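Written below as structure tokens is the structure these notes are about.
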Amino acid sequence: MSEDSYFNNQFIIAMPSLREPIFHHTVTFLCQHTKEGALGIVINRSADMKLGEIFKQMEIPVKFPKAAQVPVFAGGPVQQDRGFVVHTACGDWDMTLPVSEDISLTTSRDVIEAIAAGEGPEQYLVALGYAGWGEGQLEKEILSNSWLNTPYAKQILFETPVSQRWNAAASQIGIDINQLTTPPGHG
């Protein structure tokens, strides 16, 4: 694959035929996709906790109470005890991967402290864990019709209600994902 054919800064949407419980009906934002593999954050699966619980666990004082009410996402099955923050590009955080000119992925404590203080990124999504694929694995899954890739949309990532993200991501390219069926011979 050439560098232009990687799916960085795109959504991959679980096709209706993907029944694996971890990924069924998910939208994953691909933060890194190279020859060696891929890393993404599931953006529509709740971790059933609020950011305030993470502040408490990390013993971070909260100066911006609204941040404590922000939902935390289950970003994927890998390293579920580790936090990942997808956010609008800004700041100089310790451990940041630029995804695009306007979006970054940060894994360091300083961004969480800034969010608690009301000094963090303008828009952000906090997740526990990530989705990962080894060399060639994601490409094979896409070819086998497990995933549909679509352009990234900032509105879907940060503003669209969580329950609508799966449909909204697919509708960007004119697809009603609920109308797709399992191809013959698969299932």
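The values are calculated or read from the model by the stated rules, or taken from the named source; none is laboratory data. Predicted model only: the values in this text are computed from it and were never measured. Quick reminder, even Gly has a Cβ in these numbers, built from the backbone with ideal geometry, and neighbours come from all protein chains shown. These accessible areas exclude ligands, DNA and RNA; they are computed on the full protein's heavy atoms, side chains included. Shrake-Rupley method; radii C 1.70, N 1.55, O 1.52, S 1.80 Å.
Brief remarks follow.
- Listed by position, the strands (runs of 3 or more DSSP E) contained in segment 13-89 that have at least 3 residues being farther than 18 Å from Leu105 by Cα are 46-50.
- Selection within segment 48-66 - within 28 Å of Asn9 (Cβ to Cβ) and surrounded by 18 or more Cβ atoms within 10 Å (Cβ to Cβ): Leu51, Ile54
- Per-region count, segment 19-37, residues touching a strand residue (DSSP E or B) at 6+ places or on another chain (Cβ under 7 Å) and within 14 Å of Gly129 (Cα to Cα): 5
- Which numbered condition Ala89 misses (of (1) more than 13 Å from the chain's Cα centre (by Cα); (2) crowded, with 19+ Cβ neighbours inside 10 Å; (3) among the aliphatic types (A, V, I, L, M)): (2)
- Selection within segment 31-90 - in contact with a Leu (Cβ under 9 Å, 6 or more places away or on another chain), of a type in the set (A, V, I, L, M) and either modelled with pLDDT under 95 or closer than 30 Å to Tyr6 by Cα (or both): Ala38, Leu39, Ile41, Ile43, Ala47, Val72, Ala74, Val78, Val85, Val86
- Exactly one residue among Trp147, Trp166 is in contact (Cβ under 8 Å) with a residue 12 or more places away in the chain, under 27 Å from Gly52 (Cα atoms) and out of contact with any Phe, Trp or Tyr (no Cβ under 8 Å at 6 or more places or on another chain), and that residue is Trp166.
This table checks each residue for (1) crowded, with 21+ Cβ neighbours inside 10 Å; (2) of a type in the set (A, V, I, L, M); (3) farther than 20 Å from Ile60 by Cβ; (4) at pLDDT 95 or above.
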| site | (1), (2), (3), (4) |
| --- | --- |
| Glu101 | no, no, yes, no |
| Gly118 | no, no, no, yes |
| Ile142 | no, yes, yes, no |
| Asn145 | no, no, yes, no |
| Ala169 | yes, yes, yes, yes |
| Ile177 | no, yes, yes, no |
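- Residue in segment 128-139 that is part of a strand (DSSP E or B), within 20 Å of Gly52 (Cα to Cα) and open to solvent by less than 30 Å² (accessible area, probe 1.4 Å) present: yes
- Within segment 91-126, considering residues that are in contact with a Gly (Cβ under 9 Å, 6 or more places away or on another chain) and assigned to a strand (DSSP E or B), the one farthest from Ala68 (Cα to Cα): Ser104
- Annotation: Lys154 fulfils all but one of (1) surrounded by 14 or more Cβ atoms within 10 Å (Cβ to Cβ); (2) under 17 Å from the mean Cα position of the chain (by Cα); (3) under 20 Å from Cys31 (Cβ atoms); the unmet one is (1).
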